[in-house]
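The values are calculated or read from the model by the stated rules, or taken from the named source; none is laboratory data. Every value quoted in this text rests on a predicted model; they were computed, and no experiment measured them. Cβ atoms come from the backbone with ideal geometry, glycine included; neighbour counts cover every protein chain shown.
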C-alpha cells in the first residue's frame, strides 16, 4: 500500500503511516496480543525513499499505568528494540542494546514520553514522540531498507499499541 495518498503521490510530500507486519501498510497495525518474534516495520515503495522525522508510539490500556509497567501490564520480559535494517543486511540499533521493558524506558530515547491518566478504570495512555530530526537527522530509508520495531513479548491485555512514522516521501537516489 502506497504512502499517505496512493501510488500517484508526488515525491517530496509529507507522509504518515503506521508500521505494520507487512511493512507496506497492508498488515496488522495494532501490536496487541502475543507478539513473539514479531516485527512491525515500514519500507519505501520502489522508486522512492523515506526521510522519517519522527515515530509516534501510543500505548492504550485500562487501569493504573505505572512507570515501571508496560501499559498496565507487568514490565516486559524480553523488551522492544528499534532498528534500521539496510538492504545490505546492516543493522543499526537505535536502542543501543538497551531494550524497552517499561513505560518510562521510552524516555531514554525520545524524552517526550507522557503518561496521560484519566484515573480509575478508564482508558489511559502512554504517548511517545521520538523525533529523530531533533537528535541530529531524520532516519533515511532507501529501497529495501526497513525501520523495525522488534517485539518478542505478550501484549495481551493492552487496548491498543501503535507506531506511526511521519516524514517526507522523496524520489529514489540514483
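Pairing residues of region 89-116 that are touching a residue at least 40 places away in the same chain (Cβ under 8 Å) with residues that are in a loop (DSSP other than H, G, I, E, B) and surrounded by fewer than 17 Cβ atoms within 10 Å (Cβ to Cβ), at Cβ distances under 8 Å and at least 6 apart in sequence or on separate chains, gives 103/66; 103/67; 103/68; 115/67. Within region 126-142, the set of residues being more than 24 Å from residue 170 (Cβ to Cβ) and surrounded by fewer than 19 Cβ atoms within 10 Å (Cβ to Cβ) comprises just one member, 127.
Among the residues of region 9-40, those that are in contact (Cβ under 8 Å) with a residue 60 or more places away in the chain, under 26 Å from residue 154 (Cβ atoms) and part of a loop (DSSP other than H, G, I, E, B) comprise 19, 23, 29, 30, 31, 32. Candidates 107, 75: the one that is surrounded by fewer than 20 Cβ atoms within 10 Å (Cβ to Cβ) and assigned to a helix (DSSP H, G or I) is 107. The residue that is surrounded by the most Cβ atoms within 10 Å (Cβ to Cβ), among those in region 110-121 that are touching a strand residue (DSSP E or B) at 6+ places or on another chain (Cβ under 7 Å) and farther than 14 Å from residue 94 by Cα, is 113.
Residue-wise test of (1) loosely packed, with under 14 Cβ neighbours inside 10 Å; (2) at pLDDT 95 or above; (3) touching a strand residue (DSSP E or B) at 6+ places or on another chain (Cβ under 6 Å).
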position: 6; (1), (2), (3): yes, no, no
position: 16; (1), (2), (3): yes, yes, yes
position: 34; (1), (2), (3): yes, yes, yes
position: 65; (1), (2), (3): no, no, yes
position: 81; (1), (2), (3): no, yes, yes
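Checked against the criteria, residue 92 counts as surrounded by fewer than 18 Cβ atoms within 10 Å (Cβ to Cβ) and either modelled with pLDDT under 95 or not in a loop (DSSP other than H, G, I, E, B) (or both).
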